[in-house]
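Asker: Handing you a structure now.
Each value in this text was obtained by applying a stated rule to the coordinates, not by laboratory testing. Bear in mind the structure is a predicted one, so any value in this text is a computation, not a measurement. Note that we place each Cβ from the backbone using ideal geometry, even for glycine, and neighbour counts take in every protein chain shown.
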């Protein structure tokens, strides 16, 4: 690896790429608060937030177009191509909105790193989820026409006038004409896509020449720069269960690892491809005050979402009994709440441009 290390601040504040693909940038180690890293807190669990609503009054689309099934008391989306592996209830959706704010903080309040300019035109947000990214983008760029698509109708009814939502499965053929969009955004679709190259080709097809495509994905493995994580530690076992489950489902959880996203983007024809890797801390262990707040918010999101993340995978894919899964999830939660582990997970941002005929 020839690229030099950069801080989160440096990696996200540079001028956008202008001409050619850039070499990958490795994420540096995050500096811990010595008191936390040294395990001086008597109870790591005291660092965990109480789960609370961020969007408790969110209205949803009409109930008649919902197609859910219940799994251990929580609704999971069913579509023609898949059953989404996380619940689609208020608890999980609040976690998604918290993660949105975590990513905003680590990316210096930028909704995209792609150099889209001041007038991005027609914008498509694939896998929009609660719609929070699309809504924020529409507010920030009032001249843009923002469209969000998802398999679940969980978006709010009241949105900016330049924002709209449609139910569409991105694994199937897209209903939009070719060369339609100036910018296509994709985020947190790990574990949902059977063929990432095919998905990127669809984005390429439906972008205008000169338009930008960006994908933001996370790895499910929790790691540490300052604590040795044993091979049999639950952080590694948890990740392996998801990696193996992804193989069983035919939907990879490893797309954010290495330089897979960048290589696929270049393979399908994108140019000026740029990749950035950012470590997102869990808990308030970082020395940097901003990253400390990021960590506390990320821990809140994980606490909110862990049951939803694990239940489908453990019981439906790996065949565990519900009580066995609940105990394992509780062990995972207990370990993630230990701030002295100095834990983090990796987020990968990759963006590229569809070339113009004159390129």
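Asker: Over the alpha carbons of the range 193-256, what is the largest minus smallest coordinate on each principal axis, giving the biggest first in Å?
Answerer: Extents along the principal axes: 48, 30, 9 Å.
Asker: Mind running the shape call on the range 279-346? Use the C-alpha gyration tensor, a ≥ b ≥ c as the square roots of the eigenvalues: rounded below 1.5 for a/c, prolate if a/b tops b/c, oblate otherwise. Each step should come with its number before you reach the end.
Answerer: Numbers: a/c = 3.20, a/b = 2.58, b/c = 1.24.
Prolate is the answer for the range 279-346, as a/c is 1.5 or above and a/b outweighs b/c.
Asker: With a ≥ b ≥ c the root eigenvalues of the C-alpha gyration tensor of the range 220-285, is it rounded (a/c under 1.5), prolate (a/b larger than b/c) or oblate? Walk me through the numbers on the way to the answer.
Answerer: Working: a/c = 3.18, a/b = 1.43, b/c = 2.22.
Note, shape of the range 220-285 comes out oblate.
Asker: Tell me the label-point distance for the pair residue 166, residue 323, using the 7 Å Cα-to-Cβ offset, in nm and rounded to one decimal.
Answerer: 4.9 nm
Asker: Based on C-alpha coordinates, I'd like the Rg and Dmax of the range 227-359, in Å.
Answerer: Just the Cα atoms of the range 227-359 yield Rg and Dmax of 18.0, 61 Å.
Asker: What whole-number distance in Å separates the alpha-carbon centres of the range 91-120 and the range 284-347?
Answerer: Value for the Cα centre distance between the two parts: 21 Å.
Asker: Two decimals is fine: what's Rg over Rh for the range 158-307, C-alpha atoms, Kirkwood radius as Rh? Present the calculation step by step, with values, prior to reporting the outcome.
Answerer: Values: Rg = 18.0 Å, Rh = 17.9 Å.
Across the range 158-307, the Cα-based Rg/Rh ratio is 1.01.
Asker: What nm value, rounded to one decimal, do you get for the distance between residue 293 and residue 229 when each label is placed 7 Å out toward the C-beta?
Answerer: Inter-label distance under the simple model: 2.6 nm.
Asker: For the range 117-220, take N as its residue count and report Rg(C-alpha) divided by 2.2 N^0.38 Å. Don't skip to the end; give the middle numbers.
Answerer: Details: Rg = 12.9 Å, N = 104, 2.2 N^0.38 = 12.8 Å.
So the Cα radius of gyration is 1.01 times the expected 2.2 N^0.38 Å.
Asker: What order do you get for 271-278, 115-122 when each peptide is scored by the mean count of other beta carbon atoms within 10 Å, highest first?
Answerer: Numbers: 271-278: 21.4, 115-122: 15.0.
For the peptides 271-278, 115-122, the packing ranking is 271-278, 115-122.
Asker: Ok, one more. Using a basic spin-label model with each label point 7 Å from the Cα along Cα→Cβ, how many nm lie between residue 356 and residue 140?
Answerer: Output for this residue pair reads 2.4 nm.
Asker: Which value results for Rg/Rh of the range 135-174 when Rg is the Cα radius of gyration and Rh the Kirkwood radius based on the inverse mean 1/r? If you can, show how the numbers build up before the last one.
Answerer: Numbers: Rg = 11.0 Å, Rh = 10.9 Å.
Rounded to two decimals, Rg/Rh equals 1.01.
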